[in-house]
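Reading through the structure tokens given below for one structure.
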Amino acid sequence: MSYAVMPLNEWQKIVNSVRAKTGKTDPLLSTQVAAEIDSIAVQSEERTIFGDYVQGTIYAVTAEDLIGVTSISPYAFYRRPLTSIELPNSLTVIDIYAFSDCPNLGSIFIPSNVEQIKQGSFARCTKLTSVTFSEGLTYIGTDAFQYCNVLLSINLPNSLTTLERFSFRGCSSLTIVTIPDNLATISQSTFMA
């Protein structure tokens, strides 16, 4: 794999090392840190896959690869040729555009601890035919599955309370949608063609 998961104190050591080598004080040091390691993970005491720095070709990610990860960060696997991904049970958040534009991803199972799928998380995954949601999910963000144009059906969990606008926009093959009774917020444009 071309990413790393590490505690905050380890990340701080790498940042300090890069600062010493480069003489720069930019708090993010994106380019310099990316040269040191492929990716980093920071989120206080929790573990996060911080994918702005994921590099190389990744075709599959297993739950074992992500043991203990609680959050997939913004753009973590953006535009990667993933064919499969197994999300760990520890996961609670899939952040913005985490898996967007993965043209070969065919199906996804969302574990029960995932509470939020944020904006554009799986947008434009053009081969995505199946999404299985578990109970526990409460929020699906704007554009989360937009233009997943071969997605056939979805069964939203009873725990879901918010379905943001354009969540399933452009899902032209979507013919069966099961919506829970206790859904508190749904936009009129959620399933816009």
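Quick look at the numbers
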| quantity | calculated |
| --- | --- |
| Residue ID - farthest from LEU160 (Cα to Cα), chosen from residues in region 88-139 that are open to solvent by 40 Å² or more (accessible area, probe 1.4 Å), at pLDDT 95 or above and touching a Cys at 6+ places or on another chain (Cβ under 8 Å) | THR126 |
| Single residue of region 42-87 satisfying the filter (surrounded by 20 or more Cβ atoms within 10 Å (Cβ to Cβ) and in a loop (DSSP other than H, G, I, E, B)) that is modelled with the highest pLDDT | LEU87 |
| Test: residue in region 140-152 that is touching a Lys or Arg at 6+ places or on another chain (Cβ under 6 Å), open to solvent by 60 Å² or more (accessible area, probe 1.4 Å) and not acidic (Asp, Glu) | yes |
| Residue count for region 153-193, restricted to those that are open to solvent by less than 10 Å² (accessible area, probe 1.4 Å) and among the hydroxyl-bearing types (Ser, Thr, Tyr) | 2 |
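The values are calculated or read from the model by the stated rules, or taken from the named source; none is laboratory data. Small disclaimer: the values here were computed from a predicted structure and weren't measured. All Cβ positions, even for glycine, are placed from backbone atoms using ideal geometry, and neighbour counts span all protein chains on display. In case anyone asks, the SASA skips ligands and DNA or RNA and just uses the protein heavy atoms, side chains included. Shrake-Rupley method; radii C 1.70, N 1.55, O 1.52, S 1.80 Å.
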